[in-house]
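The next block holds one structure in the form of C-alpha cells; read it before the comments.
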Amino acid sequence: MDVAAGRPTVDQPGVGRVLVVIPTYNEADNVERIVTRVRAAAPAVDVLVADDNSPDGTGGLADALAGGDPRVNVLHRAGKEGLGAAYLAGFAWARERGYDAVVEMDADGSHAPEDLPALLDAARDADVVIGSRWTRGARVLNWPWRRLLLSRVGNLYARVALGMPVSDATGGFRVYRASALDAIDLGSVRSQGYAFQVELSRLAHRAGVRIVEVPITFAEREHGDSKMSPLIVAEALWRVTRWGVGDRRAALRGRPRALARWP
Ligand SMILES: Nc1nc2c(ncn2[C@@H]2O[C@H](COP(=O)(O)OP(=O)(O)OP(=O)(O)O)[C@@H](O)[C@H]2O)c(=O)[nH]1
Ligand SMILES: [Mg+2]
C-alpha cells in the first residue's frame, strides 16, 4: 500500500516501484496518447508528467488524465527551463516518494512504451538501462539522414572523447535505479539538452555502476514540434569537448612529469 497516496501499489518484479517521468513542453497532441500507451504497456508503473507551463495547455490535459487514473501524476513547473531541469525535478519528486527506479521517456512517441517491459526486465540486473538506437537489433524509423548522421557522429564523438563504452549516450529512454541516482551527484549537473543525457551517462560510468544497453525501436515524432535546436547541439558539443579535455589533463597530471610533456 502506498501510504502517502492511500492506494494499492503493484511492484515491477525485481525492480520495485517505478516512476516514468515524461517531460513535456507543448505536447498537447501527444500527452494523452503517450500516457495511455505507457499504462497499457507497463501496468505496474506510475507516471509523472513534468510540464513546463506549456502555452498549448498540455498541463491541463495531463491534469485531466491524472484525475481519471491514480497512477498518473503531474508536476507543474513555472516555465520552460529545459529538459535537464525538468528531469532533475522529476527525479527529486520520485526520491521524495521512495520510488526504486525512474524512467526517462519523451512524450512525442519517439520512445515506444511497448519497449518499456524489456528495459525494466534488464533493470533487474543493472543500475542504469539505456534504450539504445545504436546496438544490434535496434531500429530507427523515419529519421531524415541529417538526424541519423548527427546522432551517429555525436555518439561516436562522445564515446571517443569520454572513453565510455556506451553506444547511445545521447538517448533519452532510460531506467535509473535508486542505486544509480544515489551514486551520482545530481546537484552537480548543469546540462540541459542532449548534453544532459551524456552527462548522466558519464557520471554513471565514472561512479562505476552497472550500465546495460537494450535495443529499441525509435521513431520520428508524428505530432507537434521538435524542441531540438542548434543551441542544444552546440551545448552538447561544447560540454563533451570540455569534459574530454578535462579528463585528459587530469590523466596527464597523474603521470610522471617527463611523460606529461608528451601526451
Ligand atoms: N518540461 C520540459 N520538457 C521539454 C523541454 N524541452 C523539451 N521537452 C520535452 O522533452 C522531450 C524531447 O523533446 P523533443 O522536442 O522531442 O526533442 P528531441 O527528441 O531531442 O528532438 P526530436 O528528435 O526532433 O523530436 C519531449 O517530450 C519534449 O516535450 C523543456 O524545456 N521542458
Ligand atoms: Mg523527440
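The values are calculated or read from the model by the stated rules, or taken from the named source; none is laboratory data. These figures come from a predicted structure and were not determined experimentally. Because the Cβ atoms are built from the backbone with ideal geometry, glycine has one as well, and the counts that use them run over all protein chains shown. Heavy atoms of the whole protein, side chains included, go into the accessibility calculation; ligands, DNA and RNA do not. Shrake-Rupley method; radii C 1.70, N 1.55, O 1.52, S 1.80 Å.
Just checking, how many residues over segment 219-239 are under 15 Å from Gly154 (Cβ atoms) and within 16 Å of ligand 1 (Cβ to nearest atom)?
Total meeting the criteria: 11.
Of all the strands (runs of 3 or more DSSP E) wholly in segment 120-226, which have at least 1 residues that are more than 16 Å from ligand 2 (Cβ to nearest atom), in contact with a helix residue (DSSP H, G or I) (Cβ under 6 Å, 6 or more places away or on another chain) and touching a residue at least 24 places away in the same chain (Cβ under 8 Å)?
Qualifying strands (runs of 3 or more DSSP E): 128-132, 174-177, 211-215.
What are the residue pairs meeting all of these: first residue in segment 16-30, first residue at positive phi, second residue more than 12 Å from ligand 2 (Cβ to nearest atom), Cβ atoms under 6 Å, and 6 or more apart or on different chains?
That search, which allows pairs on different chains as well, returns Gly16/Asp100; Asn26/Ser54; Asn26/Asp56.
Using beta carbons and a limit of 6 Å, which pairs, at least six apart or on different chains, have the first residue in segment 77-89 and over 17 Å from Ala62 (Cα atoms) and the second one open to solvent by 50 Å² or more (accessible area, probe 1.4 Å)?
Close Cβ pairs satisfying both conditions: Gly82/Gln192; Gly84/Gln192.
Would you mind stating whether Val102 is β-branched (Val, Ile, Thr), in contact (Cβ under 8 Å) with a residue 12 or more places away in the chain and farther than 18 Å from Val189 by Cα?
No.
Of all residues being among the acidic types (Asp, Glu) and farther than 15 Å from Lys227 by Cα in segment 55-112, which is surrounded by the fewest Cβ atoms within 10 Å (Cβ to Cβ)? Just the residue, please.
Glu96
Being aromatic (Phe, Trp, Tyr) and under 13 Å from Tyr25 (Cα atoms) is the filter here, so list the residues in segment 55-105 that pass it.
Correct list: Tyr87 only.
Somewhere in segment 229-247, is a residue open to solvent by less than 60 Å² (accessible area, probe 1.4 Å) and not in a helix (DSSP H, G or I)?
Yes, segment 229-247 contains at least one residue that is open to solvent by less than 60 Å² (accessible area, probe 1.4 Å) and not in a helix (DSSP H, G or I).
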